[in-house]
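S.K.: First the structure, which I've put down as structure tokens, then a few questions once you've had a look.
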Amino acid sequence: MPDHDAIIIGGGHNALVCAGYLARSGLDVLLIERRDFVGGATATEELFPGFRVSSCSYICHLLQAKVIDDLEMRKYGFEVLPLDPEPFQPYSDGRRLARWHSLERTQEELASFSLRDAAALPEWHAFWRRAASIVYPWFLRPPPTREQLRASVAGTEDAAFLDRLMTVSMGELVREFFEDEAVRGSFLQVQDVGDPEASGGAFCYTHIRCDAFSRPEDVGIVRGGMGMIANSLADSAREQGVQIRTGTIVERIVMDSDGACGVVLDDGTEISSKLVVSGADPKRTLLGLVGPDRLPAELVAPAREMRTRTSYLKFHAALDRLPDFSRYFPDSYDPRYIASMKICPSMDYYAKAWHEAATGRPASEPVMEVQIPSVIDDTLTEPGQHVMSVWGLYAPVQPQDGDWDQLRESVGESLIDVLCRYAPDLRDCLVDWSLFTPADLERRVWLTDGNIRHLDIVPEQYLDLRPMRGWGGYATPIEGLYLCGAGTHPGGEVTGACGHNAAHAILDAI
Ligand SMILES: Cc1cc2nc3c(=O)[nH]c(=O)nc-3n(C[C@H](O)[C@H](O)[C@H](O)COP(=O)(O)OP(=O)(O)OC[C@H]3O[C@@H](n4cnc5c(N)ncnc54)[C@H](O)[C@@H]3O)c2cc1C
């Protein structure tokens with residue numbers, strides 16, 4: 001008899017979700033995580049003594065209500081604190097654009113840039129709700145083909161809308177809705193597609209905007225950092241009997257003539273199971289844990305070609321006081337207003353950041369999503385001290401000039417310089433800082449090429465083409481081997497959906 005019904009490789013949040021569902025259906029599950037703690041890219045770490053940070057992901061916006069409720073996450077300590085505004089954008093000339101929960105309040109802010117743009121805001125929201133209402137119904141189901149998606153809206157006004165959504169660029173859309181360049185910069189977001197003028201940018205961005213269907217109480221900053229998502233999932237899974245082994249590396253997947261049947265650890269220990277589920281990324285799983293010599297020959301080239309080219313920076317700082325943003329809020333200055341900030345003053349600024357990275361250079365002026373969660377969450381550091389993080393867009397996987405170890409310091413310093421345009425006293429507040437480059441993200445989390453979503457979410461790796469053309473979903477072409485991580489549909493972000501869908505695919509199959 002095999003040692004376990006299922007072995008799950010990796011302890012990312014999706015693997016924990018998958019483990020929780022399998023155990024609730026009566027399977028005996030062993031989950032093996034390489035690091036000493038679970039969570040993968042959903043973790044809280046004490047990066048500087050006395051300062052705890054969400055080391056990779058930092059905002060909870062797509063975690064599925066069904067997963068939260070089914071796995072009773074709130075019972076195990078998961079709690080979300082709301083952000084308002086989300087985000088606030090400072091401009092170096094002293095103007096600000098804060099996006100409040102209240103539509104009218106946000107329109108008032110927009111009106112100081114352009115009355116037309118203020119009037120367009122409800123239509124912008126309606127556009128994304130309409131887009132998400134086509135894609136979101138598939139979030140917790142196996143991935144649809146383009147034909148299935150089209151069939152779901154055939155004969156309705158959404159048919160022409162979907163045709164356009166599939167090809168329009170984010171740049172074209174933003175220009176269509178907004179006239180002011182500063183406003184356009186604020187609303188432009190291209191994620192992994194990167195190039196604002198690339199076809200399909202809006203289609204892939206719909207993945208992110210599926211958060212239109214997240215419950216308001218599930219959107220915001222996680223109290224205790226993102227690691228509390230993983231910890232609550234792990235506690236919930238343990239309660240259902242899942243064995244979780246941390247600090248243990250799976251070296252390879254064992255296969256016999258019937259398919260996957262266990263794993264070998266890096267100390268040579270072999271553990272058998274009826275099936276193997278990998279929460280590691282698809283490239284690492286297929287090319288590393290299975291290996292090109294044991295992969296079906298026709299999969300080797302497509303596995304190598306899976307796209308992991310879009311990369312980002314993650315910057316962390318420990319602060320002994322808050323940087324001064326008061327010039328942006330002359331009337332009243334509630335520190336919570338600066339919990340979430342975006343820096344992207346124009347579309348040209350965004351395009352430059354992308355094109356520099358696409359040609360092998362770290363963005364000299366990155367687009368930034370800045371977070372100071374400690375103004376809302378008092379568990380991260382001592383009173384009066386703060387933690388700040390920046391998600392920086394974009395960075396090449398392999399820099400053209402030198403390697404990331406040589407570039408880290410100067411790239412981090414220039415990122416601080418850019419931030420100082422908005423908060424001139426920032427350097428006086430810094431206790432310490434650290435920059436995670438794509439190479440660091442790979443080293444720390446074992447994300448191939450530091451890819452934050454395991455594979456780029458681009459048209460050719462979206463929906464049924466994820467992880468690859470001809471094989472969308474969770475069961476790999478190797479009998480008994482499944483994927484459950486962000487490289488599967490619906491894709492990266494902290495959703496729990498990949499783990500949920502993989503577990504259901506497994507339960508349907510056995
Ligand atoms: C810098 C950054 C910022 C992000 N920001 C956000 C955000 O704000 N909001 C959001 O929703 N999403 C964000 N994301 C994306 C999101 O965090 C990821 O897409 C998601 O966490 C992936 O989860 P996962 O469970 O699929 O895989 P992972 O979190 O990648 O987990 C995989 C796990 O497998 C383990 N592993 C791999 N190989 C082995 C092996 N051989 N043996 C044992 N263990 C192994 C790894 O150590 C890792 O713990 C961000 C990601 C990054 C990196």
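The values are calculated or read from the model by the stated rules, or taken from the named source; none is laboratory data. The model shown is predicted, which means the values in this text are computed figures rather than measured ones. Ideal geometry is used to build each Cβ from the backbone, glycine not excepted, and the neighbour counts take in all protein chains shown. These accessible areas exclude ligands, DNA and RNA; they are computed on the full protein's heavy atoms, side chains included. Shrake-Rupley method; radii C 1.70, N 1.55, O 1.52, S 1.80 Å.
S.K.: Given the criterion within 30 Å of ALA182 (Cβ to Cβ) and within 21 Å of the chain's Cα centre (by Cα), identify the matching residue among ASP84, ASP93.
M.R.: Residue meeting the stated conditions: ASP84.
S.K.: Could you go through segment 88-108 and let me know if any residue there is among the β-branched types (Val, Ile, Thr) and either within 30 Å of THR476 (Cα to Cα) or touching a strand residue (DSSP E or B) at 6+ places or on another chain (Cβ under 6 Å) (or both).
M.R.: There is no residue in segment 88-108 that is among the β-branched types (Val, Ile, Thr) and either within 30 Å of THR476 (Cα to Cα) or touching a strand residue (DSSP E or B) at 6+ places or on another chain (Cβ under 6 Å) (or both).
S.K.: Now, a different point. So which residues in segment 268-326 are in a loop (DSSP other than H, G, I, E, B), in contact (Cβ under 8 Å) with a residue 60 or more places away in the chain and within 14 Å of the ligand (Cβ to nearest atom), if there are any at all?
M.R.: GLY279, ALA280, ASP281, THR308, THR310
S.K.: Would you pick out the residues in segment 83-138 that are of a type in the set (S, T, N, Q) and open to solvent by 60 Å² or more (accessible area, probe 1.4 Å)?
M.R.: Residues satisfying the conditions are SER92, SER112.
S.K.: So, one more: Determine, yes or no, whether ASP401 is more than 14 Å from the ligand (Cβ to nearest atom) and surrounded by fewer than 17 Cβ atoms within 10 Å (Cβ to Cβ).
M.R.: Considered against the rule, which asks whether it is more than 14 Å from the ligand (Cβ to nearest atom) and surrounded by fewer than 17 Cβ atoms within 10 Å (Cβ to Cβ), ASP401 comes out as yes.
S.K.: To continue, here is another question. What number goes with the only condition from (1) over 30 Å from GLN189 (Cα atoms); (2) part of a helix (DSSP H, G or I); (3) away from the ligand (no atom under 12 Å from the Cβ) that THR206 does not pass?
M.R.: Looking at each condition in turn, THR206 falls short on (1).
S.K.: Moving on. Could you count how many residues in segment 241-296 are more than 27 Å from the chain's Cα centre (by Cα) and open to solvent by 60 Å² or more (accessible area, probe 1.4 Å)?
M.R.: 9
S.K.: Among the residues of segment 304-359, what is the count of those that are touching a Lys or Arg at 6+ places or on another chain (Cβ under 6 Å) and not hydrophobic (A, V, I, L, M, F, W, C)?
M.R.: 1
S.K.: Looking at GLY171, GLY94, can you tell me which residue is in contact (Cβ under 8 Å) with a residue 40 or more places away in the chain, closer than 26 Å to TRP354 by Cα and assigned to a loop (DSSP other than H, G, I, E, B)?
M.R.: GLY94
S.K.: Now, a different point. What tally of residues in segment 28-57 results from selecting those that are part of a loop (DSSP other than H, G, I, E, B), surrounded by fewer than 22 Cβ atoms within 10 Å (Cβ to Cβ) and in contact with a strand residue (DSSP E or B) (Cβ under 7 Å, 6 or more places away or on another chain)?
M.R.: 1
S.K.: Specify which of the listed residues (ALA439, ALA475, ALA503, ALA423) is within 20 Å of the chain's Cα centre (by Cα) and among the hydrophobic types (A, V, I, L, M, F, W, C).
M.R.: From the options ALA439, ALA475, ALA503, ALA423, the qualifying one is ALA439.
S.K.: Name the residue, out of PRO383, PRO323, that is open to solvent by 50 Å² or more (accessible area, probe 1.4 Å) and over 30 Å from GLY491 (Cβ atoms).
M.R.: Being open to solvent by 50 Å² or more (accessible area, probe 1.4 Å) and over 30 Å from GLY491 (Cβ atoms) holds for just one of PRO383, PRO323, which is PRO383.
S.K.: Residue pairs, Cβ under 7 Å, 6 or more apart or interchain, first in segment 403-423 and under 21 Å from GLY94 (Cα atoms), second part of a helix (DSSP H, G or I). List them.
M.R.: As it stands, the answer is ILE416/LEU426; ILE416/ARG427; LEU419/LEU426; CYS420/LEU426; CYS420/ARG427, since those pairs meet every condition given.
Residue by residue, here is whether (1) at pLDDT below 95; (2) within 12 Å of the ligand (Cβ to nearest atom); (3) basic (Lys, Arg); (4) surrounded by fewer than 24 Cβ atoms within 10 Å (Cβ to Cβ) holds:
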{"position": "ASN451", "(1), (2), (3), (4)": "no, yes, no, no"}
{"position": "GLU460", "(1), (2), (3), (4)": "no, no, no, yes"}
{"position": "GLY470", "(1), (2), (3), (4)": "yes, no, no, yes"}
{"position": "GLY473", "(1), (2), (3), (4)": "yes, no, no, yes"}
{"position": "ILE478", "(1), (2), (3), (4)": "no, no, no, yes"}
{"position": "LEU481", "(1), (2), (3), (4)": "no, no, no, yes"}
{"position": "ALA486", "(1), (2), (3), (4)": "no, yes, no, no"}
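S.K.: Do we have any residue at all in segment 351-365 that's open to solvent by 20 Å² or more (accessible area, probe 1.4 Å), polar (S, T, N, Q) and touching a helix residue (DSSP H, G or I) at 6+ places or on another chain (Cβ under 7 Å)?
M.R.: Yes, segment 351-365 contains a residue that is open to solvent by 20 Å² or more (accessible area, probe 1.4 Å), polar (S, T, N, Q) and touching a helix residue (DSSP H, G or I) at 6+ places or on another chain (Cβ under 7 Å).
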